[in-house]
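What follows is one structure encoded as structure tokens, with my remarks underneath.
The values are calculated or read from the model by the stated rules, or taken from the named source; none is laboratory data. Owing to the predicted nature of the structure, the values given are computational and were not obtained by experimental measurement. No Cβ is skipped: glycine too gets one built from the backbone with ideal geometry, and neighbour counts run over all protein chains shown.
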Amino acid sequence: MLRKNFLRLGAAVALVTGLAMPPAAADTLTDALILAYRTSPLLEANRAQLRGLDEEVPQARALRRPQVEAFGTGSASRRLRSSNAESEFLSTGLQTSLRLYDGGETRAAIESARATIAAGRADLRATEQIVLFRAVQAYMDVRRDLEFLSLARNDLRVLEEQLRAAHDRFEVGEITRTDVNLTEARLAASRARLAAAEGALEVSRASYLAAVGKLPEDLQPPPPIPALPSTLEEAMAIATQRNPDIIAAQFAERAAVFDFERATSARRPQISATAEVAWQDQFETGINTERRDVAAQAGLTASVPLYSGGQVSSLIRQAQTLVEARQSELQSTARDVREAVAAAWSELEVARAQIPARREQVVAARATAEGFAEEARVGARSTLDVLDADQDELEAEADLVQAERDEYVAAYNLLQAMGLLTVEHLGLGIETYDPDVYFSRVQSGPTGGEDRSVLDRIRSRWE
């Protein structure tokens, strides 16, 4: 009864204190996921890398587009022996060239760039899922450690009350000094557990800051777990189609095939058209002559590689080995994904099986602790029995908290393994990054458009 009354008093004090204090800002799991998605520097870095990959398409297309250059030459000379005549020559003009046939090199380069970009987009989607999962994990870890801290504080309060009662009973001769010493030892251990719980919470708060971008404030209970497949086979089928790691590996394999075609094109003929227009001015003193000419020429150039010292053959063999490597990497990635799905499914099943058992354990341990406390008052139980029962109750409550956290994290881990841990699937209701915007802007190969503000900001930090 003393233990129950003490717990009720603590709850009443917490309620009154909570009513007296102004409401603090509350965070939900949805808030944490949105903030993590919007502020993650890891996502920003991957988006910038993807924009860099987008530039490979206009670079490849440039191979089959006109190449125009302006040129100019000038010279001056003077004859020293025969006369003092001087002459000056100036030539300016434009020169252009255009590939008419390159054995399929340009087409293969463009298709390889497109496949590489598709793989990069899949990698970005995988990174988005990593960021969201870290936010879920950090959110649940903070809530778990807050529960652990609450249990540790409550245990400390109960043991302090038990120690006071032990001193009173020792004074009247109901228990021995050994019982008092045993209670003091348990109280010291409880203080150590409280310090460890406080430290673990600070670690979780730091992880939350790294994952979400801000410190946690009054984390609310998480929403229900999103819908999941009913069978492991169904989860495997979804992962095969949706997991971004598999998609990235598939496109990487495709890019390697086009790179192989590009390497073999070096053995085929190449035909180019060239044109040039030049303006020439020549002036000679002494004979006072000046001549101005305009010259234009156009032509076709065809070449057929005959022997390159083995370089072309080596490049082709190298490209072929890369195709084989990408094929094996795809198979390895598929195995890794299946393993991840099976592991996440198993973890979820274990956590779900543990929760009802842990709840029953809490009920039984609580009843045992209360019964032992009553029996100890009439001398039927020793102080050690009471302390052990209280410890069992504390561990049962902590195990239940851990199991509930593990179930939630395992569910989101399964979503990540299947490729469904996305903003759209979670229904976060925010605008997502659209990689088509930058790709559409640069695929036609516009000139200029660089943004030097980022460079200036970075450079300013070092000056």
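Scan Glu393, Glu360 and give me the residue that is under 46 Å from the mean Cα position of the chain (by Cα) and buried (at least 21 other Cβ atoms within 10 Å of the Cβ).
That would be Glu393, the only listed residue that is under 46 Å from the mean Cα position of the chain (by Cα) and buried (at least 21 other Cβ atoms within 10 Å of the Cβ).
If only one of Pro223, Pro269 is closer than 22 Å to Phe148 by Cα and in contact with a Ser or Thr (Cβ under 8 Å, 6 or more places away or on another chain), which one is it?
Pro223 is the lone residue from the list that is closer than 22 Å to Phe148 by Cα and in contact with a Ser or Thr (Cβ under 8 Å, 6 or more places away or on another chain).
Of Ala410, Ala403, which residue is among the small types (Gly, Ala, Ser), modelled with pLDDT of 65 or more and in contact with an Asp or Glu (Cβ under 7 Å, 6 or more places away or on another chain)?
None of the other options fit; the residue is Ala410.
Which pairs turn up if I take residues in the range 404-416 that are assigned to a helix (DSSP H, G or I) and of a type in the set (S, T, N, Q) and look for partners that are crowded, with 20+ Cβ neighbours inside 10 Å and at pLDDT 95 or above with beta carbon separation below 6 Å, at least 6 apart in sequence or on another chain?
Partner pairs satisfying both residue conditions: Asn413/Ala344; Gln416/Gln129; Gln416/Phe133.
State whether the residues of the range 173-181 include one that is modelled with pLDDT under 95 and either crowded, with 21+ Cβ neighbours inside 10 Å or among the hydrophobic types (A, V, I, L, M, F, W, C) (or both).
Just the residues of the range 173-181 that are modelled with pLDDT under 95, to begin with: 173-181.
Checking which are either crowded, with 21+ Cβ neighbours inside 10 Å or among the hydrophobic types (A, V, I, L, M, F, W, C) (or both) leaves us with 175, 180.
Looking for residues that are modelled with pLDDT under 95 and either crowded, with 21+ Cβ neighbours inside 10 Å or among the hydrophobic types (A, V, I, L, M, F, W, C) (or both), one finds at least one in the range 173-181, hence yes.
Which is more than 30 Å from Leu35 (Cβ to Cβ) and not in a helix (DSSP H, G or I), of Glu174, Glu161?
Among Glu174, Glu161, only Glu174 is more than 30 Å from Leu35 (Cβ to Cβ) and not in a helix (DSSP H, G or I).
Does Ala351 meet the test of being among the aliphatic types (A, V, I, L, M) and under 27 Å from the mean Cα position of the chain (by Cα)?
yes
Quick check on this structure: which one of Leu159, Leu201 is closer than 30 Å to Ala373 by Cα, assigned by TED's automatic domain parsing to the domain that holds Ala351, touching a residue at least 24 places away in the same chain (Cβ under 8 Å) and surrounded by 14 or more Cβ atoms within 10 Å (Cβ to Cβ)?
After applying the criteria, what remains is Leu159.
Filter the range 279-300 down to residues that are at pLDDT 90 or above and either assigned to a helix (DSSP H, G or I) or of a type in the set (A, V, I, L, M) (or both) and give me whichever is nearest to Leu420 (Cα to Cα).
Restricting to residues being at pLDDT 90 or above and either assigned to a helix (DSSP H, G or I) or of a type in the set (A, V, I, L, M) (or both), the top hit is Leu300.
For the range 214-257, which positions are part of a loop (DSSP other than H, G, I, E, B) and hydroxyl-bearing (Ser, Thr, Tyr)?
Listed by number, the residues that qualify are Ser230, Thr231.
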